1. Report, by residue number, each residue of segment 107-138 that is touching a helix residue (DSSP H, G or I) at 6+ places or on another chain (Cβ under 9 Å), aliphatic (A, V, I, L, M) and not in a helix (DSSP H, G or I).
2. Only one of Glu60, Glu79 is part of a helix (DSSP H, G or I) and charged (D, E, K, R); which?
3. For segment 89-108, give me each residue that is more than 19 Å from Lys178 (Cβ to Cβ) and of a type outside the set (Phe, Trp, Tyr).
4. Look at Pro115 and say whether it is closer than 17 Å to Lys52 by Cα, without any contact (Cβ under 8 Å) to a residue 60 or more places away in the chain and open to solvent by 10 Å² or more (accessible area, probe 1.4 Å).
5. Any idea how many residues of segment 89-106 are surrounded by fewer than 20 Cβ atoms within 10 Å (Cβ to Cβ), out of contact with any Asp or Glu (no Cβ under 8 Å at 6 or more places or on another chain) and assigned to a strand (DSSP E or B)?
6. Test Lys52 against the criterion of being under 29 Å from Lys152 (Cα atoms), at pLDDT below 95 and surrounded by 17 or more Cβ atoms within 10 Å (Cβ to Cβ), and give yes or no.
7. Residues to consider are Ala161, Ala169, Ala149; find the one that is part of a helix (DSSP H, G or I), open to solvent by 80 Å² or more (accessible area, probe 1.4 Å) and of a type outside the set (Phe, Trp, Tyr).
8. For Ile7, indicate whether it is in a strand (DSSP E or B) and under 16 Å from the mean Cα position of the chain (by Cα).
Amino acid sequence: MADRYEIRFSGAGGQGLITAGIILAEAASIIEGKNAVQSQSYGPEARGGASKSEVIISDEPIDYPKATVVDACLAMTQEAADKYAVGIKAGGVLLLDTDFVPNEPKGDFKVYKMPIMRTAQDEIGRAIVANVVALGAMIALTDVVSKEAGEKAVLAKVPEAFLELNKKAFNLGFEKVKALM
């Protein structure tokens, strides 16, 4: 892993992307013993406005807790893509929800497209787990933590009644992106 790996999750407030960032940071720090910080930003609208969660993971101490040169970015909405798919480093990656981001941001990075919300709704049966589908997809795309650590962190965070639902969502996101690669 690079000295510092920066991931940005972005979408609409209420989509659970801040939670996805927290889970990724826990997978890296608590489960894999790496250094990790998570920060978040959202507009005055609690639901609907653009929001982001940034996770920085490193084998070394982290001297600055905000993303400066993003290695990987997720954009779940067009507004989020327009606002937050900037600062992706050359050779980085951008994952877009194909149904909600019709205008692909341009840059010197690789773009992957997946119908994240539709996958959660149609294949899992619950749109509410789209953030977990997205988390599985981002872990598959970046290999910043192991699949096992990601799944373990997800399952540690969700209520017992929803363990299987979230496990299925995480693994589906992971496998669908691996198929794209």
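1. Hit for segment 107-138 is Met114, nothing else.
2. Answer to the selection: Glu79.
3. Listed by number, the residues that qualify are Lys89, Ala90, Gly91, Asp99, Val101, Pro102, Asn103, Glu104, Pro105, Lys106, Gly107, Asp108.
4. Taking the combined requirement at face value, the residue does not satisfy it.
5. 0
6. yes
7. Ala161 is the lone residue from the list that is part of a helix (DSSP H, G or I), open to solvent by 80 Å² or more (accessible area, probe 1.4 Å) and of a type outside the set (Phe, Trp, Tyr).
8. yes
The values are calculated or read from the model by the stated rules, or taken from the named source; none is laboratory data. None of the values given here were measured: they were computed from a predicted structure. Positions of Cβ are generated from backbone atoms using ideal geometry, with glycine treated the same way; all protein chains shown enter the neighbour counts. The protein model used for the area step is the full one, side chains on, heavy atoms only, and it has no ligands, DNA or RNA in it. Shrake-Rupley method; radii C 1.70, N 1.55, O 1.52, S 1.80 Å.
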